[in-house]
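First comes the structure, then the notes that go with it.
The values are calculated or read from the model by the stated rules, or taken from the named source; none is laboratory data. Quantities reported herein were computed from a predicted structural model and do not represent experimental measurements. Cβ sites come from the backbone with ideal geometry, for glycine too, and all protein chains shown count toward neighbours.
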Amino acid sequence: MKKFIAQSYLWLLLALLYAPIIIIAIFSFTEAKVLGNWTGFSTKLYTSLFQSGAHHSLVSAIENTLIIALISAVVSTVLGSVAAIGIDRLRGHKRTVLNTLNNIPMLNPDIITGISLFLLFVSLGISQGYMTVILAHITFCTPYVVLCVLPRLQQMNPNIFEAALDLGATPFQALRKVLIPEIKPGMISGFILAFTLSIDDFAVTIFTIGTEGLETLSTYIYADARKGGLTPELRPLSTIIFATVLLLLVVINIRAERNRRKEETLR
Amino acid sequence: MKDSNYIIEFSHISKSFGEKCVLNDVSLYVKKGEFVTILGPSGCGKTTLLRILAGFGTVDEGEIRIAGEDITDVPPHERPVNTVFQRYALFPHLNVYDNIAFGLKLKKVKADEIETRVRKALKMVGMTDYEWRDVNSLSGGQQQRVAIARAIINRPQVLLLDEPLAALDLKMRKDMQMELKDMHKSLGITFIYVTHDQEEALTLSDTIVVMSEGKVQQIGTPTDIYNEPVNAFVADFIGESNILNGKMIRDKAVEFMGLEFECVDEGFGENAPVDVVIRPEDVYIMAHTDSGQFEGVVQSCIFKGVHYEMTVLTANGYEIMIQDYNAFEVGQTVSMIIKPSDIHVMRKERMCNKFEGTMVDATHVEILGTSFVCNEVANVAGGEKVLVEVDFDKIELMDNKEDGTLMGDVRFILYKGDHYHLTVRTENNDNVYVDTHDVWDDRDIVGIRIQPDDLRITFV
């Protein structure tokens, strides 16, 4: 009985968590304009999503989102990794100060980050558009990369960088051949985190996107919802994004499991 | 030193980390092909010395030459040395082969030559057929072998080893010691080996450098260091020993434990206070007889495998450690003899504490960064430079650190048969030497107090 209650609690929780996305997925396979009306099975929304011209602004918003996310994730991974290596070299007081300085932007509400970046760009006279959105995204993604890379550096045997120098590597070669391979897993998870944070962001984006008609997915949906009712094509789009993420997660988990087994058999 | 026989000339090196002086005017000259061990307790500066040789640390003062070339400011990757690290420091993302080939690949050596040299290095360390293994799957001993192979494949002029066996278990350590010695012979390169294990140092080295507190205490062959230690620290650190206060009556006659002994040492002058070292295996112990030099009662007797280790309390109150193949019962009265050649006499490093200080006023003197109450001194205005002497046994140590005029921690304990001679490091990094009958432990925090009567003040 106890086990049954525990089990049903778990399933109830999972159902509540996944209900919204499952409902969207189900209703993406019908034509009704209003969510909740079932007018029979159809894949029309999927085909019209990919029809050229039909939903030009939605497709270009998706493109913008992905490009912005890719550029800011790449740049913040590089910046964050370099910063982490620097912080790892510090000792004592300086290290604590820098760690705190790195944590503050993450705890700071996005809305504050957005407003302050907006004011900064205005006061510097930078016209807002692609560039400002990317700069803003790099700003809030970099601390997360630092947070992903730093533990890898701390776990590392502190002598291996010196060992590389000792064997004749220049500091740059030692960085490339020893340090970077060692922190690569941290850099990859930092990159993934930065990428998803960038796709997800609304608060900072809306303040830095300007008035030139540039839209990302989040600002597009926001504008669309305010116009009255969501475009029905958002249902298949959400479903596709969810399915992609699900697939990615499954692949990552399978790989991790395989690596773990491989290591176990080696021991 | 312009002698080209030396592969390493390490001249007058000093190094401080902040306030703390880690190396204090250290000089070391190493001949080509020598096996030199740097031996000392943790924190004596031995690892810093090795890191400076490898190029991982800079020096504040001094000059380092390798094969006659000044390398003081040469970065590590351009030095003709390779290091074996204590915690192996293998590259976890590379397999055994790529770890060992790392240095050669950087030097752009041809692939087929790399392959033959890697196989040769693996054979040398007894790891043939391991080349494609993941380094994380190897045991500690195997990892250390790979680390050695990775270093020697580059044919360095000097191989630096930083406590390479410290992380291995006893049996493995003994095996590896022998292998290292063989490797040193067949490679013919100079080995600089850092360890805190005196037995390891005696087993492996051609030359031992004993270090303490950032200073070289003694340089010599293992036999020299063992038989002729220059001071009480070396005598205590290397092997077991009885260290006693003594007095050189005249040449070839020394007094200790209240008795006069014949010895072989000369040139100390008459009635000179000395330290006497007697190794526990050099005291001949026998059942009570009239032909012994002195008598005592056995206090304890422990079987140590090959020999028995006994403590004997002599008639006039000295505790002596003795090692012998025969056991004597606890409580038994025994006689003992020490041969003249087995008595090692050392000049005393110090007779009493000497502190430089300043008069604060007529009844206060500042020494060791603290103001002490002293007996009234006439004609003092304050600010006069003085020398203050305090006898070892006049310094009081207190459990409760707040009770003392200043605080310190016990750094070095020497048992002198009937009392302990302690080195206490104060908060301001000064050393205070104390004779006491109380038992203190290493690193005990103590309060230090000196009575006004015991401060002997002279103006300088």
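Taken over region B:111-162, residues that are more than 14 Å from every other protein chain (Cβ to nearest Cβ), surrounded by 15 or more Cβ atoms within 10 Å (Cβ to Cβ) and of a type in the set (Val, Ile, Thr) amount to 1. Among all positions in region A:110-120, there is no residue which is closer than 30 Å to B:Arg150 by Cβ, acidic (Asp, Glu) and away from chain B (no Cβ under 14 Å).
Check region A:157-165 and report whether any residue there is surrounded by fewer than 20 Cβ atoms within 10 Å (Cβ to Cβ) and either at positive phi or touching a helix residue (DSSP H, G or I) at 6+ places or on another chain (Cβ under 6 Å) (or both). No; the residues of region A:157-165 include none that is surrounded by fewer than 20 Cβ atoms within 10 Å (Cβ to Cβ) and either at positive phi or touching a helix residue (DSSP H, G or I) at 6+ places or on another chain (Cβ under 6 Å) (or both).
Considering only residues that are at positive phi and not charged (D, E, K, R), look in region B:57-110 and name the one that is nearest to the other protein chains (Cβ to nearest Cβ). Per the criteria, the residue is B:Ala89.
Of all residues in region B:237-258, one or more are outside any loop (DSSP other than H, G, I, E, B) and within 30 Å of B:Tyr6 (Cα to Cα). Scanning region B:431-453 for residues that are in contact (Cβ under 8 Å) with a residue 60 or more places away in the chain and either outside the structural domain of B:Lys385 (by TED's automatic domain parsing) or surrounded by fewer than 17 Cβ atoms within 10 Å (Cβ to Cβ) (or both) gives B:Pro452, B:Asp453.
Going through (1) out of contact with any His (no Cβ under 9 Å at 6 or more places or on another chain); (2) surrounded by 16 or more Cβ atoms within 10 Å (Cβ to Cβ); (3) at positive phi one by one, A:Gly168 falls short only on (1). Just a yes or no: is a residue in region B:318-333 more than 30 Å from B:Thr223 (Cα to Cα) and either within 34 Å of the chain's Cα centre (by Cα) or of a type in the set (Phe, Trp, Tyr) (or both)? Scanning region B:318-333 turns up at least one residue that is more than 30 Å from B:Thr223 (Cα to Cα) and either within 34 Å of the chain's Cα centre (by Cα) or of a type in the set (Phe, Trp, Tyr) (or both).
The set of residues in region A:141-189 being of a type outside the set (Asp, Glu) and at the interface with chain B (Cβ under 7 Å from one of its Cβ atoms) consists of A:Asn157, A:Asn159, A:Ile160, A:Ala163, A:Leu165, A:Leu167, A:Gly168, A:Ala169, A:Thr170, A:Gln173, A:Val178, A:Pro181. In region A:97-107, the condition of being touching a Phe, Trp or Tyr at 6+ places or on another chain (Cβ under 9 Å) and of a type in the set (A, V, I, L, M, F, W, C) is met by at least one residue.
Please verify whether B:Asn99 is over 30 Å from B:Asn5 (Cβ atoms), in contact with a Lys or Arg (Cβ under 6 Å, 6 or more places away or on another chain) and either acidic (Asp, Glu) or not in a strand (DSSP E or B) (or both), treating the condition exactly as stated. Here the answer is yes, as B:Asn99 does meet what is asked. Considering region B:29-65 alone, what residues qualify as being in a strand (DSSP E or B), in contact with a helix residue (DSSP H, G or I) (Cβ under 8 Å, 6 or more places away or on another chain) and closer than 15 Å to B:Glu9 by Cβ? Result: B:Ile64, single match.
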